[in-house]
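Trainee: Submitted below is the structure of interest, expressed as structure tokens.
Every read-out reported here was derived from the displayed coordinates using simple, explicitly stated rules and does not represent laboratory data. Please read these numbers as outputs of a predicted model, since none were measured by experiment. Reconstructed Cβ throughout: ideal geometry from the backbone, glycine too, with neighbour counts over all protein chains shown.
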Amino acid sequence: MTEITSQHAFDQAMQLQVLTDNRFSGHTSEAYANMVGPFGGATAAVLLNAVLQHPQRIGEPVSLTVNFAAALQPGPFEIEARPLRSNRSTQHWLLLQYQNSELVSSGTAFTAIRRSSWSEQELACPAVTPADSLPALDAQGMLRWISQYDLRFVCGGFDPASSQPLDNSLTRLWVRDEPPRPLDFLSLAAIGDCFFPRIFTRRQRFVPAGTVSLTHHFHVDSERLAQVGSAHLLGQAQANRGHNNYMDQSAHFWSADGELLLSSSQTVYFKE
């Protein structure tokens, strides 16, 4: 196993500097480059980091929504993270990302102090082949961000050489950072966007596509994330419908012992 280091590419990509009370600066990372601009999961995570770094933050992330308004170009950017309303245990946030004085992403976040209460998990973890019994995806020649993850497909892989479309878009895979890194809210937010667009899976070929809006729901606290450590997570994603240039995606991520950590939905633009 590759050793975890404090200079992990993900931590470098998440670095922010304080400009004013609600304003931070950052820089895109080549390690997380996608077709156009950075991998969307890295953008969502760095926006969340502005909340986590804010001195007025209350509690931990419960939900995050990011709207990708324009392509983020390689280089510096600024994030405004503003608490809109707070009480003793909850807080609502506005997130705005700028590059060259133009808005490129917007979003909202909700943080809260979780109290001990009734808890139950209705969505069971699928029974699948263990991660160590599956080969890791060979990311050679693929987009840079893909090589930052250990991806092991259970079903619903993407092989454009096959040219045979699938009859559904269901994907199940094991995923963790590569090299391994202890899980936290930032890495979970990024991993939540690790699936290839459902149009790729369904059609088994590349088409121009990109996430327009993404929402994460965190079902876990930082203490439990620390217990998960650097182990693989099981992810599942499927579309409900693709129609006239847009397709949705519903995704879920479980720990290896079956605890649901994150549920997510997104809208994706595609062009054919």
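Trainee: Which shape class, rounded, prolate or oblate, goes with the range 136-272 when its Cα gyration tensor gives a ≥ b ≥ c as root eigenvalues, a/c under 1.5 marks rounded, and past that a/b bigger than b/c marks prolate?
Mentor: Prolate.
Trainee: Turning to a different aspect of this structure: Stretched out fully, how many nm does the piece from V36 to R82 gain, at 0.36 nm a residue minus the Cα gap?
Mentor: Length difference between fully extended and current span is 13.8 nm.
Trainee: Any idea how far apart D248 and T108 come out in nm if each label point goes 7 Å out from Cα toward Cβ?
Mentor: Going by the 7 Å Cα→Cβ label model, 1.8 nm.
Trainee: Have a look at L94, L173, L134 and report the one farthest towards the positive end of the charge dipole of the chain, computed about the Cα centre with Cβ charges (Lys/Arg +1, Asp/Glu -1).
Mentor: Looking along the dipole axis, the top candidate is L94.
Trainee: Sticking with this one: By its C-alpha gyration tensor, with a ≥ b ≥ c as the square roots of the eigenvalues, how is the range 21-147 shaped: rounded for a/c under 1.5, else prolate for a/b larger than b/c, else oblate?
Mentor: Oblate, since a/c reaches 1.5 and b/c is not below a/b.
Trainee: HN-Hα J couplings of the range 152-165 from phi, Karplus 6.51/-1.76/1.60, θ = phi - 60°, integer Hz, Gly and Pro as x?
Mentor: Residue by residue, the range 152-165 yields 10, 7, 8, 7, x, x, 10, 9, x, 5, 6, 6, 10, x Hz.
Trainee: I've got another one for you. Do the sum for the chain: with -39,500 (n - 2.57) for every DSSP H run of n ≥ 4, divided by all residues, what is the mean residue ellipticity at 222 nm, to the nearest 500 deg cm²/dmol?
Mentor: Rounded to the nearest 500, the figure is -4000 deg cm²/dmol.
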